[in-house]
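Remarks on the structure that follows.
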Amino acid sequence: MSNFEAIILGIIQGLTEFLPISSTGHLYIGRHLFGLDEAGLLLDTLMHIGTLLAVFVFYSKEWKGLIKKPFSKLTLLLFVGTLPAVIVGLLFKDFFDKISVSGKTIGWEFIFTGIILFIADKRRKGKKTMEELTWVDALFIGSFQALAIFPAVSRSGLTIAAALFKGMERKSAAYFSFLLSTPAILGGIVFQGKDLLGGNAEQIAFFPLFLGTLAAALFGYLAISWMINLLKKQSLNIFGYYVIFLGVSIVVLQYLKIF
């Protein structure tokens, strides 16, 4: 992997982790186009460390507060919201591993994400703030996050959509979605790290990986800021059109045995 390829993949990871268009799906496409399929596990792990740094830095005030008050309401909400993904991930790990490696369903997963975004965008009148969020709401949002274990189902897209379905205002929906991403990304890194320690990853030069991780962190930070501002006044439909177009294109290319 060249330095240029690493930076491009890092940019893809950083932007798509927090835009509702699926980072894992885009990273799969990017690796495939660069001929780096064999580097999947190691590359994904390092790129996700980059986006984890981004969300930690962006929400540093919140995480400092949680460290000082570990039994706060927000801690409970994040814990409950993370549970469904943990349970589904543990019970069906082998199934999702096979799907992620094959990539056979990513076109349909992009399309599914787009449909959810179109439905959610109609929920423009939500008024519920973070202070009014209940553990039942968090569990509902977390259940949508569990669906994002499918590689091309957008985690941020589905959690924002679920928050809108529960009547949250759009800014608060994005806020909780991105905070909820932290334990999800961290958990993914831990699971991938176990496989890496087991020797199930190809070796890649350190410097390209460093550049890719740095790019993921920088563009992840920018994506969080941009997405929060965009949701205040813009529609989610533009992302819905994009992922449906991408999904249909992939399905056709796979049918023709081109992709």
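List of remarks:
- Overall dimensions of the stretch 1-66, expressed as equivalent-ellipsoid semi-axes from the Cα gyration tensor (√(5λ), whole Å, largest first), are 25, 12, 9.
- A cut-off under 12 angstrom between Cβ atoms defines the neighbours of F144, and their net charge, with Lys, Arg +1 and Asp, Glu -1, is +1.
- Gyration tensor analysis over the Cα atoms of the stretch 110-179 returns equivalent ellipsoid semi-axes of 19, 13, 9 Å (largest first, whole Å).
- Cα long-axis angle, helix 40-58 against the chain (0 to 90 degrees, to the nearest 10): 30
- When the Gaussian network model of the chain links Cα atoms closer than 10 Å, the mean-square fluctuations of V243, V101, V55 top out at V101.
- At a probe radius of 1.4 angstrom, the accessible area of the chain per residue rounds to 49 square angstrom.
- Restraint check, K68/K122; K61/K125; K68/K233, Cα-Cα greater than 32 Å: K68/K122; K68/K233
- Within the stretch 136-172: backbone nitrogen closer than 20 Å to the F259 label point (7 Å, Cα to C-beta): 148-158
- Between the beta carbons of K104 and S2, assuming R0 = 41 Å, the FRET efficiency works out to 0.90 to the nearest 0.05.
- Under conditions of 37 °C and 0.692 mPa s, the chain yields 179 µm² s⁻¹ as its translational diffusion coefficient, taking Rh as the Kirkwood radius over Cα pairs in the Stokes-Einstein equation.
- For the options P151, P183, P70, a Gaussian network treatment of the chain with springs between C-alpha atoms closer than 10 Å singles out P70 as fluctuating the most.
- With θ taken as phi - 60° and the Karplus curve 6.51 cos²θ - 1.76 cosθ + 1.60 applied, the whole-hertz 3J(HN,Hα) list for the stretch 18-31 is 10, 8, x, 9, 6, 6, 5, x, 5, 5, 4, 4, x, 4 Hz, x standing for glycine and proline.
- Surface composition of the chain: carbon plus sulfur atoms hold 70% of the accessible area, using a 1.4 angstrom probe and ignoring ligands, DNA and RNA.
- Note on I67 and T134: the model spin-label points, each 7 Å out from Cα along the C-beta direction, lie 3.4 nm apart.
- Both radii are taken from the alpha-carbon atoms of the stretch 115-259; with Rh as the Kirkwood radius, Rg/Rh is 1.02.
- Each stretch of four or more DSSP H residues adds -39500 (n - 2.57); spread over every residue of the chain, this sum gives -26000 deg cm²/dmol at 222 nm.
- Sparse-neighbourhood loop sites, trypsin sites (Lys or Arg not before Pro) in the stretch 65-171 - DSSP loop, at most 12 other Cβ within 10 angstrom: K104, K122, R124, K125, K127
The values are calculated or read from the model by the stated rules, or taken from the named source; none is laboratory data. What you see is a predicted model, and the numbers here were worked out from it, not measured in a lab. Note: ideal-geometry Cβ built from the backbone for every residue, glycine included; neighbour counts use all protein chains shown. Heavy atoms of the whole protein, side chains included, go into the accessibility calculation; ligands, DNA and RNA do not. Shrake-Rupley method; radii C 1.70, N 1.55, O 1.52, S 1.80 Å.
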